[in-house]
Amino acid sequence: MKIKDIQVLKNLSSQGNETIKTTIFLEDGRQESIVVPAGISAGKYEAKNVSCDEAIKQTETIKNDLLNIDWTQESLDTKLVSLNLGGNTSLAISAAFWKINNVERNNAKPQKFPKLLMLLFEGGKHGNPNLTIQEFMIVEESLEKAISDFKKMKQYLVDQKIETTVGAEGGFSPLSFNNNSVLSTIKTIFPDVRIALDTAGSFRQETLGYKELIDNYNIFYLEDPFSDEDWEKWSDFYNQFGQKILIVGDDLTVTSPTRIQKALEKKVINAVIIKPNQNGTISGTFEAIKLARENELKIIVSHRGDDTDDDWIVDFAVHAQADYVKFGGVDRGERIAKYNRLLELGMH
Ligand code: 2PG
Ligand code: MG
């Protein structure tokens, strides 16, 4: 596929930050755009982003190197890596190119529904910091049920006159709640539901440790229970709970084959978050997925805290046959965009 032109513009993300919208025009007349998301609680080993202005400058500077060459995804991505660009600059080009062949707007076929991690409450850097756990999610088998459960929780908060803000990813974030009140509320409303938590590597729980949490609540998934350097704690935790729950690397593994390999060697995870912008190219992201699959890790494809209206991550998740997806609560336009795309793909 030969690229005829690349355009790059400034866009705003869901947090009002500047990001890039990159459009690729092929010689055969096809074109696709991508608006790049960013993390709020980004891991320190992620591909490094550059400022929006710098990403625009980088794109303009290198684009002539990319024109009129017959690229495959792999050859384009290899070239992008060799150019040493910001993660946002390179992912935008790589993902826009990927979209051209892989995002079908009009004739999308019904697809298998990945299990959905529906976000109910959020705290940490995403919401009310009294909630030291960043994300409280429940596992759902259908979008319809997930939406109805989200609304049920909303109704409960309204009925109880609990004032709440909306967190960065569309979850509830009541100022009067702490981790315990969230978990007991979820348990009261959904006694049998399986709960997934992302502590984003910085769990501070006054009264309960992880063991009590797992025993008292129906926790089946813990993402980043420790920081990305605490290998020993991860390892002890895996030895204790690895047979019982999903132990998920996100900031630990940053969609990097090298970091995933290290986590496998140290035997600390049985599941992994996949976020293309942590890696910087689509081929690099698929390499991470391949390594994860070969080692029987569950795959969770995820949006970002500072996301955009772009919905291509849904197509990516379906294409990657993710076991689970994380697209936030049923609130805020950039999250609804993902759920609308699931609907368009016939996944109800
Ligand atoms: C996470 C993500 C998405 P952020 O930690 O899993 O929920 O948050 O993009 O802010 O890193
Ligand atoms: Mg995370």
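The values are calculated or read from the model by the stated rules, or taken from the named source; none is laboratory data. Since the structure is predicted, the reported quantities are computational estimates derived from the model, not experimental observations. With ideal geometry, Cβ positions are generated from the backbone for all residues, glycine too; neighbour counts draw on all protein chains shown. Ligands, DNA and RNA are stripped out before the accessible areas are found, and what is left, the full protein with its side chains, is counted by its heavy atoms. Shrake-Rupley method; radii C 1.70, N 1.55, O 1.52, S 1.80 Å.
Can you give the angle from 0 to 90° between the axis of helix 73-82 and the longest principal axis of the chain, with both taken from C-alpha atoms, to the nearest 10?
For 73-82 against the chain, the angle is about 90 degrees.
Please find, in a Gaussian network model of the chain (springs between Cα atoms separated by less than 10 Å), the residue of GLU212, GLU18, GLU122 whose mean-square fluctuation is greatest.
Comparing GLU212, GLU18, GLU122 in the GNM, the peak value goes to GLU212.
For ARG30, ARG341, write out the residues from largest to smallest accessible area, computed with a 1.4 angstrom probe and no ligands counted. Display every interim value, and only then the final one.
On the way: ARG30 90, ARG341 0 Å².
Sorted descending by solvent-accessible area, the residues read ARG30, ARG341.
At 7 Å along the Cα-to-beta-carbon direction for both GLN160 and GLN7, put a label point, then send me their distance in nm to one decimal.
5.0
Rounded to the nearest 0.05, what FRET efficiency do GLU296 and GLU229 have when you use their Cβ-Cβ distance and R0 = 25 Å?
Working: r = 25 Å, r/R0 = 1.02.
The value I calculate is 0.50.
Rank GLN155, GLY249, ASN239 by how far each Cα sits towards the positive end of the charge dipole of the chain (+1 on Lys, Arg Cβ; -1 on Asp, Glu Cβ) and give me just the farthest.
GLN155
Quick one: among PRO174, PRO191, PRO276, which has the greatest mean-square fluctuation in a GNM of the chain with alpha-carbon springs under 10 angstrom?
Top of the fluctuation ranking is PRO191.
At 1.4 Å probe size, with every protein chain present, just tell me what the per residue accessible area of the chain comes to in Å².
Values: 14680 Å² over 348 residues.
About 42 Å² of surface per residue is accessible.
Under a Cβ-only charge scheme (Lys and Arg +1, Asp and Glu -1), can you give me the dipole magnitude of the chain about the Cα centre, in debye to the nearest 20?
On the way: 41 positive and 51 negative charges, 76 e Å.
Using Cβ point charges on Lys, Arg, Asp and Glu, the chain gives about 360 debye.
How many nm is it between the label spots at ASP192 and LYS125, if each spot is 7 Å from the Cα in line with the beta carbon?
Reported label-point gap for ASP192 and LYS125 is 3.8 nm.
How far apart, in nm, are the 7 Å Cα→Cβ label points at GLU60 and LYS145?
The two pseudo-label positions are separated by 5.2 nm.
Cα to Cα, under 18 Å, and not fewer than 8 places away if on the same chain: which lysines meet these conditions relative to LYS152?
Qualifying lysines at Cα under 18 Å: LYS161, LYS187.
Go ahead and run the numbers for FRET between ARG30 and LEU343, Cβ-Cβ distance against an R0 of 41 Å, rounding to 0.05. Numbers along the way, then the final one.
Values: r = 25 Å, r/R0 = 0.60.
Efficiency, rounded to the nearest 0.05: 0.95.
If I take the Cα coordinates of region 3-102 and project them onto the principal axes, what are the three extents in Å, biggest first?
So the three principal-axis extents are 38, 26, 24 Å.
Please find the FRET efficiency linking LYS109 to ASN68, where r is the Cβ-Cβ separation and R0 is fixed at 41 Å, and quote it to the nearest 0.05. Kindly include the intermediate steps, with their values, before the conclusion.
Details: r = 34 Å, r/R0 = 0.82.
E between LYS109 and ASN68, to the nearest 0.05, is 0.75.
Using the alpha-carbon centroid of each, what span in Å lies between region 134-192 and region 235-271?
If you average the Cα positions of each part, the centres end up 28 Å apart.
With angles folded into 0 to 90 degrees, how steeply does helix 282-294 sit against the dominant principal axis of the chain? Use alpha carbons for both and round to 10.
50
On the protein heavy atoms, probe 1.4 angstrom, tell me the percent of accessible surface of the chain carried by carbon and sulfur. Before the final figure, lay out the partial values.
Details: 6830 of 14680 Å².
On the chain, the fraction of accessible area on carbon and sulfur atoms equals 47 percent.
With a 1.4 Å probe and every protein chain left in place, tell me how much accessible area GLU265 has, in Å² to the nearest 10.
The value for GLU265 is about 130 Å².
Viscosity 0.692 mPa s, temperature 37 °C: what is the translational diffusion coefficient of region 163-320 from Stokes-Einstein with a Kirkwood Rh over Cα pairs, rounded to a whole number of µm²/s? Numbers along the way, then the final one.
Working: Rh = 16.8 Å.
D, rounded to a whole number, is 196 µm²/s.
Return the single residue from ASN218, ASN179, ASN106 with maximal mean-square fluctuation; model: Gaussian network over the chain, springs between Cα atoms under 10 Å.
The residue with the greatest mean-square fluctuation here is ASN106.
Angle, helix 87-102 long axis vs. longest principal axis of the chain, Cα atoms, 0 to 90°, nearest 10?
80
Using only the alpha carbon atoms of the chain, find the Kirkwood hydrodynamic radius as the inverse mean reciprocal pair distance, in angstroms to one decimal. Could the numbers behind the result be given before it?
Numbers: mean 1/r = 0.0486 Å⁻¹.
Final number for the Kirkwood radius of the chain is 20.6 Å.
Among the listed pairs LYS112/LYS266; LYS48/LYS211; LYS44/LYS154; LYS109/LYS266; LYS4/LYS275, which have their C-alpha atoms separated by more than 30 angstrom in this model?
Numbers: LYS112/LYS266 33 Å; LYS48/LYS211 35 Å; LYS44/LYS154 34 Å; LYS109/LYS266 40 Å; LYS4/LYS275 28 Å.
Beyond 30 Å between Cα atoms: LYS112/LYS266; LYS48/LYS211; LYS44/LYS154; LYS109/LYS266.
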